[in-house]
Structures are given as C-alpha cells and as structure tokens.
Amino acid sequence: MIPREEFPGVTERLREALRARGYWNAQRNAPAAARFCRMFPHYDEVQFAMWCHLRVRKRPKLWTLRRLAQDLNISLAYLLLGDMVFEEGEWHRRLAQRRRGTKPQSPMRPPRTRSDLSPEEAADEDQDQLRLRV
C-alpha cells in the first residue's frame, strides 16, 4: 500500500475524477462507490469506498492506482502527483511532445539554440548553411 504522506492528495484527486465522470451521489456529497464497482466489477466495493473516504488511511497498491487511472481516463502521474506534473517544466515539455507525436529530447543534452553558440561557432554554422545552399 502507498502511505498517504508519500503522495498527498491522492484521495482528493480520486474523488474529483469520480465526480467529473458522474460517479457521484449528490445527496450524500460522496462518491457513488456501488455504481462505480458495478461498472468495473474488478474492484471490491468496501475497499473502494475506503479508498475514497477522506479520513480512512487505507490506500490502494500502485497497480490498483494504475488501473483506477485507466478506468477513470486520467494519467497515473496526475493521480499520484496532481497539478505539479503539468506546470511548466520538464514533465510538461515531455507530455506536450508526446501528445504531438514528436520524439522528446534527451534531458542530458538540451537542444542547442543560436544564442548558445559562441561567435566562432555561429560563423562556422553560417558557413555550413551557405555551403548547403550552393
């Protein structure tokens, strides 16, 4: 099981995803665990209700979280880490490239831009470009 402190907010994000997908009981203001478990019978209803309860410290195992994310059509990274995954940065850049279908650049070697070049390297590159045009 995953301790609550390791990935804070998993329960809240799970509840948000259930509400967004329509698995929510408005009268009780709680997830509709029974309806969700009828749609996806591989979950135990009692355990699922405990995972969604804010005060219960029981958490699902990682493979169960992976399956929950799949069934709710959200990413596992979002379920575990929340919005910090989607802030501007390395994760955001890689996810955007994956969505576009382009190959992500290696994190060890960032792409070089013209401003990264020294004046000598820039002159050499200009000469190479001229040779290619001719």
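The values are calculated or read from the model by the stated rules, or taken from the named source; none is laboratory data. Since this is a predicted model, take the numbers as computed values, not measurements. Virtual Cβ from ideal backbone geometry, glycine too; neighbours counted across all protein chains shown.
Tell me which residues, restricted to the range 71-85, are in a helix (DSSP H, G or I) and farther than 14 Å from Arg15 by Cβ. Show your work before the answer.
Of the residues in the range 71-85, the ones in a helix (DSSP H, G or I) are 71, 76-85.
Within the range 71-85, Asp71, Leu76, Ala77, Leu80, Leu81, Asp83, Met84, Val85 meet the criteria.
Within the range 16-39, how many residues are in a helix (DSSP H, G or I) and out of contact with any strand residue (DSSP E or B) (no Cβ under 6 Å at 6 or more places or on another chain)?
Let us first name the residues in the range 16-39 that are in a helix (DSSP H, G or I), namely 16-20, 33-39.
Next cut, out of contact with any strand residue (DSSP E or B) (no Cβ under 6 Å at 6 or more places or on another chain) only: 16-17, 19-20, 33-39.
The number of residues fulfilling the criteria is 11.
Would you check if there is a residue in the range 21-34 being without any contact (Cβ under 8 Å) to a residue 40 or more places away in the chain and in contact with an Asp or Glu (Cβ under 8 Å, 6 or more places away or on another chain)?
Start the filter on the range 21-34 by keeping residues that are without any contact (Cβ under 8 Å) to a residue 40 or more places away in the chain, which leaves 22-34.
Imposing the further condition that a residue be in contact with an Asp or Glu (Cβ under 8 Å, 6 or more places away or on another chain) reduces the set to 33-34.
Checked against the condition, which is being without any contact (Cβ under 8 Å) to a residue 40 or more places away in the chain and in contact with an Asp or Glu (Cβ under 8 Å, 6 or more places away or on another chain), the range 21-34 yields at least one hit.
Consider Leu68 against the criteria (1) assigned to a loop (DSSP other than H, G, I, E, B); (2) surrounded by 17 or more Cβ atoms within 10 Å (Cβ to Cβ); (3) touching a residue at least 40 places away in the same chain (Cβ under 8 Å): it satisfies all of them except one. Which criterion is unmet?
(1)
Does the range 45-65 contain at least one residue that is farther than 23 Å from Leu81 by Cα and modelled with pLDDT of 85 or more? Working first, answer last.
Narrowing the range 45-65 to residues farther than 23 Å from Leu81 by Cα: 45-46.
With the extra rule that they be modelled with pLDDT of 85 or more, the set shrinks to 45-46.
Yes: one or more hits.
If you check every pair at least six apart or on different chains, which have Cβ atoms under 8 Å apart with a residue in the range 40-58 that is part of a loop (DSSP other than H, G, I, E, B) first and a residue that is modelled with pLDDT of 85 or more and of a type in the set (Lys, Arg) second?
From residues that are part of a loop (DSSP other than H, G, I, E, B), the pairs are His42/Arg67; Leu54/Arg15.
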